[in-house]
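Asker: Structure in structure tokens, see below.
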Amino acid sequence: MFISLEETKKLIAEGRLLHIAGEEKLMEQLPRGNWIGGTTPYFITEDGGITSSDKLYVNEIDFAADFKAAIYDKDNIMNITKDAYQNGVTLLILPFASEVAVDFSKEAPNSEELLLTPIVGWISGFNLETGGTAKAYNGTMGAGYNNKAVALHIGLPDNKFASIGIINIFKYNENSDKIEFFEDSLSVEKCLVNGREVNFEEYITKNNIDTKLPLISDYNSVLVNISIKSVSKENHTVELYAPVFAGREYRFANPVEDYHDSFVKCLKDAGSSNPFFSCNCILNYLYGDFEGKPTKPYAGPVTFGEVAYQLLNQTLVYAEIIE
Amino acid sequence: MELDSKFEKLIKGEVQYKSANLGCNLLISRLQRKYDQDSSQEVLNSCIQELKTFFEKYKVISAKDLEEIAKL
């Protein structure tokens, strides 16, 4: 629900268990209570995309058998699985560009424990026009952090289970160039293109590749995007929003003619869903011009990265409870 | 034991299985990559054990996956 500060305060005062997203000036005014949250001024509400500094997006967690909030830094973020409930789901918020977010992005895909614990969440951000600080909040302590992640571990009744899903509008052509990287990294110089070593920046420039399109890797039919953050012709480097991994094959996504139409088609293909949480990427919001356009039944914060077990880019992530 | 041999083929990439469960697909992909980087029996055994642990934990919602994998 997309509601005012006063309405949000009322829900907190009633002792509801909440996930809250909003601009920093609003988040800072929230009282202590049973909630975690993060900063963003961008949302896709039930009525469509909107940039707002007046309202917050609030999800009520009304199915929890138990819960606990926890904070993590770069040294203990991978302990998140140890703190999770045996049958539960964890909501995780990491501040954009924080060390803990970088560490999680690199370590999560290699963790042996991670896939045994449903973890869903997002990278908090700020208004790109006015600037600001990305923060994650632990409402149970009344504290906000720009360098720590906040998690809400939710215990579920025995007859309920969490299911995490993603919606990715991008596809790739099997015949397009196969790109491989030498190490797990957020910054790339060299790579292999169809087995031949090249400078990645020079490859992108020479081939006039649209860097709004992500790199895609196939994880057993799950297409995982890596978005391009910047290309430096001066340093011959390419910065990424999520790390690439050695030993994986990547290809650039096919161009998308109409972002919103593609999303609508993917939403139809995904079938019915009753998510208690969802978020969508800021790059989809901006490149797809989502202002005023809904993505029902998915509504929530627009984010600087999405978490579905691991960090994703340019993807809609959701979680639902099944019986 | 029958499932162990199916898990082994899956990890080695000799058979394909695509689940409707995101976590299951990510796990299969990670284990295939892990085995690809070190194709020793020890790593294979640990990968099989990881799959067993995953399906044991989610046995209530993984029945269909196990049924389909058994047919591979």
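Asker: Using a 1.4 Å probe over the heavy atoms of the protein chains, calculate the carbon and sulfur portion of the accessible area of chain A as a whole percent.
Answerer: Exposed carbon and sulfur together represent 43 percent of the surface.
Asker: Let me ask another. Output needed for the range A:247-323: three equivalent-ellipsoid semi-axes, defined as square roots of 5 times the C-alpha gyration tensor eigenvalues, in descending order, whole Å.
Answerer: That gives 20, 17, 13 Å for the three semi-axes.
Asker: Could you state how much accessible area is buried at the A-B interface, both sides summed, with a 1.4 Å probe, in Å² to the nearest 100?
Answerer: Roughly 2000 Å² of accessible surface disappears when A and B pair.
Asker: If you take the alpha carbon radius of gyration of the range B:2-70 and divide it by 2.2 N^0.38 Å, what ratio comes out, to two decimals?
Answerer: 1.01
Asker: Okay, moving on. Say the cut-off is 32 Å between C-alpha atoms; which of A:265/B:57; A:296/B:18; A:190/B:34; A:190/B:64; A:296/B:64; A:68/A:296 go over it?
Answerer: Going by Cα-Cα distance, A:265/B:57; A:190/B:64 fall outside the 32 Å limit.
Asker: Let me ask something additional. Using a 7 Å offset from the Cα along the Cα-to-Cβ direction at both residue A:76 and residue B:70, what is the distance between the two label points in nm, to one decimal?
Answerer: Reported label-point gap for residue A:76 and residue B:70 is 4.3 nm.
Asker: Compute the distance in nm between two label points, each set 7 Å from the Cα along the Cα-to-Cβ direction, one at residue A:160 and one at residue A:176.
Answerer: The two pseudo-label positions are separated by 4.0 nm.
Asker: Based on the Cα atoms of the protein assembly as shown, what semi-axes does the equivalent ellipsoid have, where each is the square root of 5 times one gyration tensor eigenvalue, given in whole Å with the largest first?
Answerer: The three semi-axes for the protein assembly as shown are 32, 27, 19 Å.
Asker: Tell me the relative contact order for the range A:185-239 as a rounded percent, counting alpha carbon contacts under 8 Å between residues six or more apart.
Answerer: 37 percent
Asker: Viscosity 1.306 mPa s, temperature 10 °C: what is the translational diffusion coefficient of the range A:179-252 from Stokes-Einstein with a Kirkwood Rh over Cα pairs, rounded to a whole number of µm²/s?
Answerer: For the chosen part, D equals 130 µm²/s.
Asker: Helix-only estimate, please: 222 nm mean residue ellipticity of chain B, summing -39500 (n - 2.57) across DSSP H runs of length 4 or more and dividing by its residues, to the nearest 500.
Answerer: Roughly -23000 deg cm²/dmol at 222 nm, from the helical runs in chain B.
Asker: Taking chain A as a Gaussian network, Cα atoms linked when under 10 Å apart, which of A:222, A:89, A:102 shows the biggest mean-square fluctuation?
Answerer: Maximum fluctuation in the GNM of chain A, among the listed residues, is at A:222.
Asker: May I pose another question? Let me check I've understood the local charge: for residue A:251, count other residues with C-beta under 13 angstrom from its C-beta, Lys and Arg +1, Asp and Glu -1. What total comes out?
Answerer: Value of the local net charge: -2.
Asker: Among A:204, A:20, A:44, determine the one that fluctuates most according to a GNM of chain A built with springs between C-alpha atoms less than 10 Å apart.
Answerer: Maximum fluctuation in the GNM of chain A, among the listed residues, is at A:204.
Asker: Using the basic label-point model (7 angstrom from Cα toward the beta carbon), what is the residue A:185 to residue A:65 distance in nanometres?
Answerer: 4.7 nm
Asker: Test of the criteria: in the range A:11-80, which trypsin sites (Lys or Arg not before Pro) are in a DSSP loop and have at most 13 other Cβ atoms within 10 angstrom of their Cβ?
Answerer: A:32
Asker: In a Gaussian network model over chain A where Cα atoms closer than 10 Å are linked, find which of A:311, A:56, A:286 has the largest mean-square fluctuation.
Answerer: Looking only at A:311, A:56, A:286, the biggest GNM fluctuation is shown by A:286.
The values are calculated or read from the model by the stated rules, or taken from the named source; none is laboratory data. All values reported here derive from a predicted model rather than from experimental measurement. When we count neighbours, we look across all protein chains shown, and the Cβ atoms used for this are built from the backbone with ideal geometry, even at glycine. Ligands, DNA and RNA are stripped out before the accessible areas are found, and what is left, the full protein with its side chains, is counted by its heavy atoms. Shrake-Rupley method; radii C 1.70, N 1.55, O 1.52, S 1.80 Å.
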